[in-house]
Amino acid sequence: MVTWGQQRTLMPKLPDHLARMSLFILNSGVRDDVACSLRWDWEIKVPELGISVFEVPRSNVKGRKLVRVVICNSVSQSVVESVRGQHPEYVFVYRRERVKNTDMPPMMPYRRIQTMNNTAWQRARTAAGLGDLHVHDLRHTVGMRLREAGVSEGTRSDILWHTTTSMTQHYSVAQIVELHAALEKIKDDTGRWNKSLATLRMEQEDAIRELTYPKATQAKKIA
């Protein structure tokens with residue numbers, strides 16, 4: 001799981017494309033492999049909410065039993081809008097940008113991101129002091145934050161695809177509104193009183209780490 005403090009430390013250390021994907025996962029609960037595969041032709045706009053949902057085919061769902069739907073809250077929707085137009089097929093893509101001669105055309109086209117757990121992710125988590133953080137921990141964080149926000153177990157299961165019902169076949173706009181409202185509750189750190197003991201422990205460990213790390217670095221320099 002990732003605390004809000006850890007999230008604020010990690011994001012600036014990630015390259016832009018991984019930071020966008022991480023923020024999308026933290027606000028939608030989608031699996032990282034689905035985020036890597038997310039396609040524009042899966043998008044269905046919901047005018048009533050001003051957001052999109054993505055209908056994920058069975059071939060891209062773990063177990064391949066049911067079609068699933070990714071629902072965006074306002075934060076994940078802003079991520080989607082920030083990359084709209086970069087690639088005709090895939091939502092999340094990457095290209096190496098020029099460091100010199102930036103007025104010249106890009107050296108390479110945008111291409112699909114195959115995996116988030118790459119060298120750039122590993123370097124960023126180490127720089128953030130989160131060497132044991134895994135990409136799938138982002139999804140687990142969504143479940144914990146929803147629980148802390150008082151979201152019902154059934155709604156959490158629908159968002160995280162733990163149910164056996166196909167949302168595409170059975171969910172109305174009214175039900176999508178309900179899931180969207182739940183995800184809106186975790187779009188920022190509200191400092192709510194019902195934090196779990198796990199969250200409190202992690203925040204306490206973070207505070208201790210922040211106090212001891214500068215001292216250790218200073219001692220190393222003196223030595």
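The residues of the range 69-105 that are of a type in the set (Lys, Arg) and at pLDDT below 85, listed by number, are ARG96, ARG98, LYS100.
Within the range 18-50, the set of residues being surrounded by fewer than 21 Cβ atoms within 10 Å (Cβ to Cβ) and of a type in the set (Val, Ile, Thr) comprises VAL34, ILE44, VAL46. Pairing residues of the range 14-26 that are among the small types (Gly, Ala, Ser) with residues that are surrounded by 22 or more Cβ atoms within 10 Å (Cβ to Cβ) and modelled with pLDDT of 95 or more, at Cβ distances under 7 Å and at least 6 apart in sequence or on separate chains, gives SER22/LEU138. Taking the criterion of being acidic (Asp, Glu) and farther than 18 Å from TRP121 by Cβ, the residues of the range 1-53 that qualify are ASP41, GLU43, GLU48. Hey, among the residues in the range 77-131 that are of a type in the set (Ser, Thr, Tyr) and over 20 Å from the mean Cα position of the chain (by Cα), which one's surrounded by the most Cβ atoms within 10 Å (Cβ to Cβ)? For the range 77-131, the residue satisfying everything is TYR110. Taken together, the criteria exclude GLY50 from residues that are touching a helix residue (DSSP H, G or I) at 6+ places or on another chain (Cβ under 9 Å), on the phi > 0 side of the Ramachandran plot and in contact (Cβ under 8 Å) with a residue 60 or more places away in the chain. Exactly one residue out of VAL30, VAL34, VAL2 is more than 19 Å from THR119 (Cα to Cα), in contact with a helix residue (DSSP H, G or I) (Cβ under 8 Å, 6 or more places away or on another chain) and without any contact (Cβ under 8 Å) to a residue 40 or more places away in the chain: that is VAL34.
Taking into account only those residues within the range 53-68 that are surrounded by 20 or more Cβ atoms within 10 Å (Cβ to Cβ) and of a type outside the set (Phe, Trp, Tyr), which is modelled with the lowest pLDDT? Here the answer is ARG68.
Those helices (runs of 4 or more DSSP H) of the range 106-198 in which 3 or more residues are modelled with pLDDT under 90 and under 20 Å from SER28 (Cα atoms) occupy 167-170, 173-184. Please determine, by comparing only the residues of the range 1-53 that are charged (D, E, K, R) and assigned to a helix (DSSP H, G or I), which one is farthest from the chain's Cα centre (by Cα). Looking at residues that are charged (D, E, K, R) and assigned to a helix (DSSP H, G or I), I get ASP41.
The values are calculated or read from the model by the stated rules, or taken from the named source; none is laboratory data. Note that the coordinates shown come from a computational prediction; the quantities given were computed from them, not determined experimentally. Cβ atoms come from the backbone with ideal geometry, glycine included; neighbour counts cover every protein chain shown.
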